[in-house]
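The values are calculated or read from the model by the stated rules, or taken from the named source; none is laboratory data. Being a predicted model, the structure only gives us computed values, none of them experimental. Cβ atoms come from the backbone with ideal geometry, glycine included; neighbour counts cover every protein chain shown. Accessible surface is based on the protein model in full, side chains and every heavy atom, while ligands, DNA and RNA are left aside. Shrake-Rupley method; radii C 1.70, N 1.55, O 1.52, S 1.80 Å.
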Amino acid sequence: DNLDGQVESVTVEQYQNGIKSCLQSSSSVCSQVSERTTMLSPLVEPHLDEEVNGRPAIDVKRKVKRSWLRKLGAMAHIVDRHVDVSSKPDNHDSVPGERMKRVRPHPSSKHSKELSSLYCGQEFVAHEGSILTMKFSLDGEFLATAGEDCIVRVWKIVEDDSLDKFDIQDLDPSCLYFRMNHLSQLIPLNVDKENIDKIKRLRRSSDSTCVIFPPKVFRVLEKPVHEFQGHSAEILALSWSQKGFLLSSSVDMTVRLWQVGYYGCLRVFSHNNYVTSVAFNPVDDNYFISGSIDGKVRIWEVLRCRVIDYTDVRDIVTAVCYRPDG
């Protein structure tokens, strides 16, 4: 970017000379250029020596949006990989007696408090490296996660009758606490006498906040029911179909099709560049849409593994989505 905010293209020679001049100068401007170049170079370099879709690779650089590429760069090897996995327990089994700890929300630039009570239900190590995408299945039975380690993991969702799982020892005197019975009726929460007296006094105040503990809470079984392997680079997006099929798109320029209950990859859909987004047709599992940084949005037929329609937006595609009617 130049100082006017316009994008200018550079040749490889100018690129290298620019780095050399920055190394020889101590000005703040050159420091910023050097820092920016270092961050983007892993993604820009593969395009310097090739042509994409018959156009010179320099056109690809001209199309690049710096802010979005910085985020994509964070996905592709720039993030700090030194996650201390050993600090977390290696046991994948859920602990039935584990309590949900309260997290105190802090409103920012809002006149009213939108969250009366917030609890952290679970925390466990699910992947090595960053998790870049998560999607619940449409029936709520599974959660799919994926990211930097190139593995798609599917987790089972279960329900608990678990009022006792909430850590309600540290009651907020500004809150009125209730639980909900099986008839969806509100019943005051049984707490010690001192807190009951506080609640009675606060009932006269219109500023008191109502906290309702649900009869059931969901949790994730901390041992995955499936681990789908096949991608060779970071996974950027996931999408579930109505019938339980799962799509994953990746930096390895492919979209892969999986199914719960079957451990192999069902289909591989090849692209020309990173596939940033993918979505099943909500009314027909035989079709899905994909977006890529090559500037194309493609509609695919699953059974024949082919593109049936596409459009070139001539810019990086970062997200795609169907309307609910398909």
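Computed from phi, the 3J(HN,Hα) profile of the stretch 261-269 under the Karplus parametrisation 6.51, -1.76, 1.60 (θ = phi - 60°) reads x, 10, 8, x, 7, 7, 8, 10, 10 Hz, with x in place of Gly and Pro. Note on exposure: MET180, MET134, MET100 ranked by accessible area (1.4 Å probe, complete protein assembly) read MET134, MET180, MET100, with the most exposed listed first.
Close amide H contacts of MET253 (hydrogens built in the peptide plane, cut-off under 5 Å, sequence separation of 5 or more or a different chain): VAL275. Using the Karplus relation 6.51 cos²θ - 1.76 cosθ + 1.60 with θ = phi - 60°, the per-residue 3J(HN,Hα) values for the stretch 217-228 come to 10, 9, 9, 9, 5, 7, 10, x, 7, 8, 10, 9 Hz, with x marking Gly and Pro. Among SER184, SER250, the sequence by solvent-accessible area, most first, with a 1.4 Å probe is SER184, SER250.
Near TYR119, the amide H atoms lying under 5 Å from its own belong to VAL103; only residues 5 or more places off or on other chains count, and H is placed 1.01 Å from N.
Could you rank PHE269, PHE142 by how accessible they are, 1.4 Å probe, largest area first? Can you show the working numbers first?
On the way: PHE269 0, PHE142 30 Å².
Largest accessible area first, the list is PHE142, PHE269.
Within the assembled protein chains, the solvent-accessible surface assigned to TYR119 is about 50 Å², based on a 1.4 Å probe.
Give me D for the stretch 222-326 in µm² s⁻¹, whole number, from Stokes-Einstein with Rh from the Kirkwood sum over alpha-carbon pairs, 37 °C and 0.692 mPa s. D = 238 µm²/s.
Using the Cβ-Cβ distance between TYR119 and ASN286 with R0 set to 51 Å, the FRET efficiency from 1/(1 + (r/R0)^6) comes to roughly 0.80. Distance between the modelled labels on ASP325 and SER112, one decimal in nanometres: 3.4 nm (7 Å Cα→Cβ projection). For MET100, list long-range residues whose amide hydrogen, built 1.01 Å from N in the peptide plane, is under 5 Å from its own amide hydrogen. Amide H neighbours of MET100: PHE166, ASP167.
Taking 0.36 nm per residue of sequence separation and removing the Cα-Cα distance, the ASP160/SER130 pair yields an extension gain of 7.9 nm. Estimated at the nearest 10 Å², the accessible area of GLU114 is 130 Å² with a 1.4 Å probe.
Work through the residues other than VAL307 whose Cβ is under 14 Å from its Cβ and net out their charges, Lys, Arg +1 and Asp, Glu -1. Walk me through the numbers on the way to the answer.
On the way: positive: ARG267, LYS296, ARG298, ARG304, ARG306; negative: ASP294, GLU301, ASP309, ASP312.
Counting the neighbours of VAL307, the net charge comes to +1.
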